[in-house]
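In what follows, a single structure is set out as C-alpha cells and then discussed.
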Amino acid sequence: GENVEQHPSTLSVQEGDSAVIKCTYSDSASNYFPWYKQELGKGPQLIIDIRSNVGEKKDQRIAVTLNKTAKHFSLHITETQPEDSAVYFCASGGSSGSRLTFGEGTQLTVNP
Amino acid sequence: SQTIHQWPATLVQPVGSPLSLECTVEGTSNPNLYWYRQAAGRGLQLLFYSVGIGQISSEVPQNLSASRPQDRQFILSSKKLLLSDSGFYLCAWSLDPKGEKLFFGSGTQLSVL
C-alpha cells in the first residue's frame, strides 16, 4: 500500500518567517495531495490540495508544490503568524481502490 | 451548509467496558463516512468507511466495529475496550467515494483506564 513520510516532525519559526514542510509518497499512481491543519483539540481542516496535473498551487500565504518524478510535495507558508501554529498533515490518494494515506504530522510553532 | 456532529468530546472508560461513539452529518445526502483514530503525536489511521446505509468496510482488524443505521449516522462501537483503544477518534465525511476532500468532526478523546 501507499506510504507517506513527512518531515520535519516539529518546526519552530519566528513570526514573519517562512515555513516549509515536505512529504514523500511511494505509490506512483497517487494523483491527489491534500494538506490539513489541526488546531489543538479539534479535527483536521483541509487548507489546500493539489492534483498531479499541476505543479504548484497558491492560496494567499500558503502554497503547495508537487514533483511527480521525485514523488514528493511540499507545503510553503509565507509571512507566518502565531495563528498558523498547529499540526499540519499531508496526505496522498486518488489511486484506484485506495483511500487517503496521511503523514505523521508536523507540529508548527510560530513564535511572536 | 453541511455540518458534522460528533459526541461525546471526551470519554473515560474502564478496560472491558463497552463503547459507543456517534457521528451525524447534516446538510447533505448520501455522504461517504469515515472513522479515523489518532494516537498521541501520530498520524491518522483509517478504521472504517461507509459508502451507504449498512455498508461498512474495515481497514484494520481490531477490537472495534462500525455501523451505519441511517444515511447520515455513523456509529463506532466496542463490546470490551482494551487499553490500546485509547486515542483521539475522528469522524469525517466526503462526497467523493475515494475519500478526497474530507471534512472532519471535532473528535472524541477516549481514555481507557
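Readers should treat all values here as calculations from the given coordinates under stated rules, not as data from a laboratory. No experiment lies behind these values; they were computed from the predicted model shown. A quick note on method: Cβ atoms are made from the backbone with ideal geometry, for glycine too, and the neighbour counts reach across all protein chains shown.
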### Query
Roughly what would the spin-label model give for A:GLN60 and B:GLU59, points 7 Å off Cα along C-beta, in nm?
2.9 nm
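Take chain A, mark every one of the GluC sites (Glu not before Pro) that falls in a DSSP loop and has at most 15 other Cβ within 10 Å, then report the longest stretch left between them, sites excluded.
The longest such stretch corresponds to A:40-78.
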#### Entry: From phi via Karplus (6.51, -1.76, 1.60), per-residue ³J(HN,Hα) for the range B:75-82 in Hz, x at Gly/Pro
10, 10, 9, 8, 7, 9, 6, 10
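Averaging sequence separations of C-alpha pairs under 8 Å and six or more residues apart, then dividing by the length of chain A, give the relative contact order as a whole percent.
Here the relative contact order equals 37 percent.
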### Query
Which residue, A:LEU66, A:LEU40, A:LEU75, tops the fluctuation ranking in a GNM of chain A built on C-alpha contacts under 10 Å?
A:LEU40
### Message
I'm a student and want to see the number: the projected area of the Cα convex hull of chain A, averaged over all directions, in nm².
### Response
6.6 nm²
### Query
Which ³J(HN,Hα) values, rounded to whole Hz and listed in residue order, are derived for the range B:19-27 from phi using the Karplus coefficients 6.51, -1.76 and 1.60 in 6.51 cos²θ - 1.76 cosθ + 1.60 with θ = phi - 60°, glycine and proline given as x?
9, 8, 10, 10, 9, 10, 10, 10, x
#### Entry: Charge dipole of chain A about the Cα centre (unit charges at C-beta), most positive-ward option of A:TRP35, A:GLY55, A:SER85
A:GLY55
### Message
Let's see if you can work this out: charge +1 on each Lys and Arg Cβ, -1 on each Asp and Glu Cβ, no other charges. What is the dipole magnitude of chain A about its Cα centre, in debye to the nearest 20?
### Response
360 debye
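Could you give the length gained on full extension between B:ARG42 and B:TRP7, defined as 0.36 nm per residue of separation minus the Cα-Cα distance, in nm?
10.4 nm
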### Query
Looking at the protein assembly as shown from every direction and averaging, what is the projected area of its Cα convex hull in nm²?
12.4 nm²
### Query
Could you give the dipole magnitude of the protein assembly as shown about its Cα centre, charging the beta-carbon of Lys and Arg +1 and that of Asp and Glu -1, in debye to the nearest 20?
480 debye
#### Entry: Total formal charge among the other residues, if their Cβ is under 15 angstrom from that of B:GLN2, Lys/Arg +1 and Asp/Glu -1
-1
#### Entry: Eligible lysines near A:LYS58 by straight Cα distance, threshold 18 Å, same-chain separation 8 or greater
A:LYS22, A:LYS37, A:LYS68, B:LYS101
### Summary
In terms of the charge dipole of the protein assembly as shown, which places +1 on Lys and Arg and -1 on Asp and Glu at the beta carbon, the residue among B:GLN2, B:TYR34, A:THR24 farthest towards the positive end is B:TYR34
